[in-house]
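For reference, the structure discussed in these notes is given below.
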Amino acid sequence: MNRKWKDGLLLGLIYLAAAFSVLLLAGILGYVFARGISAISLSFLTTVTSALKGTTGIAGNIVNTLYMIALTLLIATPVGIGSAIWLNEYAGKSRWVRLIEFTTETLAGIPSIIYGLFGMVFFGTVLHFGYSILTGAFTLTLMILPLITRNTQEALRAVPDAYRTGAIGMGAARWYMIRTILLPSAMPGIVTGVILAVGRIVGESAALLFTAGSGYLLPKPGTGFLHKILESGGTLAIQLYLSMSKAQYDVAFGIAVVLLGIVLLINLTTRLLTGRTDAASRG
Amino acid sequence: MRQTYANVTHKMKRKSVCAVETAAQMIFTVCAFFAVIAVASITLYMIASGVPALWKVGVREILFSTVWRPTAEEPSFGILYIILTSIVGTASAILLGVPIALLTAVFLAEVAPRRLAAVVKPAVELLAGIPSVIYGLLGIMILNPLMYKWEQAIFRGSETHQFTGGANLLSAVIVLAIMILPTVINISESSLRALPPQLKASSLALGASHVQTIFRVLIPAAKPGIVTAIVLGVGRAIGEAMAISLVSGSSVNLPLPFSSVRFLTTAIVSEMGYASGTHRQVLFTIGLVLFAFIMIVNVLLSAVLKKGESGHE
């Protein structure tokens, strides 16, 4: 009898803990959407905050976020994939592998505020990029590199060895084999890594506060689009932080709704992608 | 004649294939060492920008003094309370978060019917994806008013207590505990799932109940994985900045539950914007201290992982 009671109690606690996570998520989503959905309007999404015109909007921050995603991925994706290819296909049992894997782990564990400090000093001051989208993108590149490397590595590991021996046996050179056989088979895994990286870029704030700054204006037409990467640009997450530190909670919740929407979308996409590869590897 | 021509082009093609192959290998090698270079330069720059203040102000005055008055006429840069806050805050968040996370992991790996697991698992994944600024926003809007009510009830009539409006250590600890849940749940779950099935079968065959098996056999057996999960949770909690920067208050105090406190991370976030001179250099020293903590966590982590590996062999 005693044992039954104890078992029941512990089982109850287990269910309670699991329910907590679900209720927490439901509570967060419900609260943010309830508070923020009224702030969302066409002018909120398509104008820039201006006291002169009397508008409150986040268009500039949306554009900055897109710049940040594009620039960061442009640098980080090739390097991350290249690194994974070397580790998996070229390195063999080189003693460097352990060092590289250890440093990749370390990069993944460094908090974003440290990246922010490093980016501010190195890219901002030493390389003279100042507060700019470029400085932010360089900083974020270091941060998301482990994510892309590890996902690509896992995807490459999942490609059966028979593909490799088959291609090499038919006389293919190694890079030719990687390009035509391995990368296409590993593509869903690689894309998953890239999408997860987009999620981190969109949600990041501590690493960007002192690197990309807080500019919220739209790029000027013409060459302004290119020049924009050397100007200060706050992403959505940064603007959310700034708004809440100024107690403008309506704007903050409006941005929170947009961010949560993006997070949900990313979650759904990766779920579809990994679901498909699971099904493919089973079939 | 014709044959030699074919031979020549074939050779040229072979040569260019060779060149492409070598180039590819070289490029990938450079990519691979990028991470090494990055870690090396981050370490170098953190030390180079954090050490000058230690020289200028003195190691003892910074690390072992409790008075933080960086902008006063006669400034004082003691960060002991800030360090203590990070340690106490992280430890409390772990104490609060890990039991919930471990039980949830047990639920997912052992107890849950498939249909329930299909709800809980995605929920945990989504929690991991929510940006930290949003946790901070909810902390301000929900936790701080609640804490203020508690504060008013507990310290009614107290003359020594400085009222904080709810932005205190306790609020920050709750936010951190929630933020480490997904990390600890995921890694504990996979270490529970990786256990050999005979373990559970033998325990059940000896007459232990399912719940007894979970707590007496499976969790102890999965200990290396769970320790890894906790260490990662520590890393996440100690490095979190934006979620707690507005929730934890804005003055440096001894870390007591209802005191307004500054963490290593939040001190940097809230003061770097306007700091200059020595103040700014000391903020970099705070960054260096944080970096040192993270490096300790990393070394611990790889030690735990290594031990886990040798244990399995």
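Is it true that some residue in segment B:228-235 is under 19 Å from the mean Cα position of the chain (by Cα), within 18 Å of B:TYR135 (Cβ to Cβ), assigned to a loop (DSSP other than H, G, I, E, B) and small (Gly, Ala, Ser)?
Within segment B:228-235, not a single residue is under 19 Å from the mean Cα position of the chain (by Cα), within 18 Å of B:TYR135 (Cβ to Cβ), assigned to a loop (DSSP other than H, G, I, E, B) and small (Gly, Ala, Ser).
From the set of residues in segment A:116-125 that are more than 8 Å from chain B (Cβ to nearest Cβ) and within 24 Å of B:VAL30 (Cβ to Cβ), which is surrounded by the fewest Cβ atoms within 10 Å (Cβ to Cβ)?
Top of the filtered list is A:PHE123.
Here is a list: B:SER41, B:SER86, B:SER65. Which entry is out of contact with any Pro (no Cβ under 9 Å at 6 or more places or on another chain) and at pLDDT 95 or above?
Working: B:SER86 fails: out of contact with any Pro (no Cβ under 9 Å at 6 or more places or on another chain); B:SER65 fails: at pLDDT 95 or above.
Within the list B:SER41, B:SER86, B:SER65, the selection yields B:SER41.
From B:GLY139, B:GLY157, which residue is in the same structural domain as B:THR228 (by TED's automatic domain parsing), of a type outside the set (A, V, I, L, M, F, W, C) and either on the phi > 0 side of the Ramachandran plot or free of Cβ contacts under 8 Å to residues at least 12 places away in the same chain (or both)?
Numbers: B:GLY139 fails: either on the phi > 0 side of the Ramachandran plot or free of Cβ contacts under 8 Å to residues at least 12 places away in the same chain (or both).
After ruling out the rest, the residue left standing is B:GLY157.
Give all pairs with beta carbons closer than 6 Å in which a residue from segment A:219-232 that is assigned by TED's automatic domain parsing to the domain that holds A:ASN64 meets a residue that is among the β-branched types (Val, Ile, Thr); count only pairs at least 6 apart in sequence or on separate chains.
Short answer, once both residue conditions are applied: A:ILE229/A:ILE133.
Output the residues belonging to segment A:246-256 that are assigned to a helix (DSSP H, G or I) and surrounded by fewer than 21 Cβ atoms within 10 Å (Cβ to Cβ).
First pass over segment A:246-256, keeping only residues assigned to a helix (DSSP H, G or I): A:249-256.
Residues satisfying the conditions are A:TYR249, A:ASP250.
Which condition number does B:GLY166 fail, the rest of (1) surrounded by 18 or more Cβ atoms within 10 Å (Cβ to Cβ); (2) touching a residue at least 60 places away in the same chain (Cβ under 8 Å); (3) assigned to a loop (DSSP other than H, G, I, E, B) being met?
Every listed condition holds for B:GLY166 apart from (2).
In segment A:83-138, which residue that is within 21 Å of B:LEU305 (Cα to Cα) and touching a Gly at 6+ places or on another chain (Cβ under 6 Å) is modelled with the highest pLDDT?
Among them, the one singled out is A:PRO111.
Against the conditions (1) more than 23 Å from A:SER205 (Cβ to Cβ); (2) within 9 Å of chain A (Cβ to nearest Cβ), where does B:PRO257 fall short? Just the number, please.
(2)
Residue under question is A:ALA70, and the condition is that it be surrounded by 24 or more Cβ atoms within 10 Å (Cβ to Cβ) and in a helix (DSSP H, G or I); does it hold? Full working, then the answer.
On the way: surrounded by 24 or more Cβ atoms within 10 Å (Cβ to Cβ): no; in a helix (DSSP H, G or I): yes.
For A:ALA70, the condition - surrounded by 24 or more Cβ atoms within 10 Å (Cβ to Cβ) and in a helix (DSSP H, G or I) - is not met.
Being in a loop (DSSP other than H, G, I, E, B) and within 23 Å of B:LEU127 (Cβ to Cβ) is the filter here, so list the residues in segment A:184-231 that pass it. Talk me through it step by step, then tell me what you get.
Of the residues in segment A:184-231, the ones in a loop (DSSP other than H, G, I, E, B) are A:204-205, A:210-223, A:231.
Within segment A:184-231, A:GLU204, A:SER205 qualify.
If I filter segment A:87-102 down to residues being touching a residue at least 12 places away in the same chain (Cβ under 8 Å) and over 15 Å from A:ILE144 (Cα atoms), which single residue comes out as farthest from the chain's Cα centre (by Cα)?
We begin by selecting, within segment A:87-102, every residue touching a residue at least 12 places away in the same chain (Cβ under 8 Å); these are A:87-90, A:100-101.
Next, from what is left, pick out any that are over 15 Å from A:ILE144 (Cα atoms): A:87-90, A:100.
Numbers: A:LEU87: 22, A:ASN88: 23, A:GLU89: 26, A:TYR90: 28, A:ILE100: 22 Å.
It comes out as A:TYR90.
Name the pairs whose Cβ atoms lie under 6 Å apart, with the first residue in segment B:122-134 and closer than 13 Å to A:LEU29 by Cβ, the second of a type in the set (S, T, N, Q) and in a helix (DSSP H, G or I), and 6 or more positions between them or separate chains?
Close Cβ pairs satisfying both conditions: B:ALA123/A:SER21; B:LEU126/A:ASN267; B:GLY129/A:ASN267.
Take A:GLY215 and tell me if it is in contact (Cβ under 8 Å) with a residue 12 or more places away in the chain, under 24 Å from A:LEU74 (Cα atoms), in contact with a Phe, Trp or Tyr (Cβ under 9 Å, 6 or more places away or on another chain) and in the same structural domain as A:ILE85 (by TED's automatic domain parsing). Don't jump to the end; show me each part of the working.
On the way: in contact (Cβ under 8 Å) with a residue 12 or more places away in the chain: yes; under 24 Å from A:LEU74 (Cα atoms): yes; in contact with a Phe, Trp or Tyr (Cβ under 9 Å, 6 or more places away or on another chain): yes; in the same structural domain as A:ILE85 (by TED's automatic domain parsing): yes.
The answer is yes for A:GLY215.
Against the conditions (1) surrounded by fewer than 22 Cβ atoms within 10 Å (Cβ to Cβ); (2) touching a residue at least 24 places away in the same chain (Cβ under 8 Å); (3) over 30 Å from A:ILE178 (Cα atoms), where does A:GLU105 fall short? Just the number, please.
(3)
The values are calculated or read from the model by the stated rules, or taken from the named source; none is laboratory data. Source: prediction; values computed, not measured. Note that each Cβ is placed from the backbone with ideal geometry, even for glycine, and that neighbours are counted across all protein chains shown.
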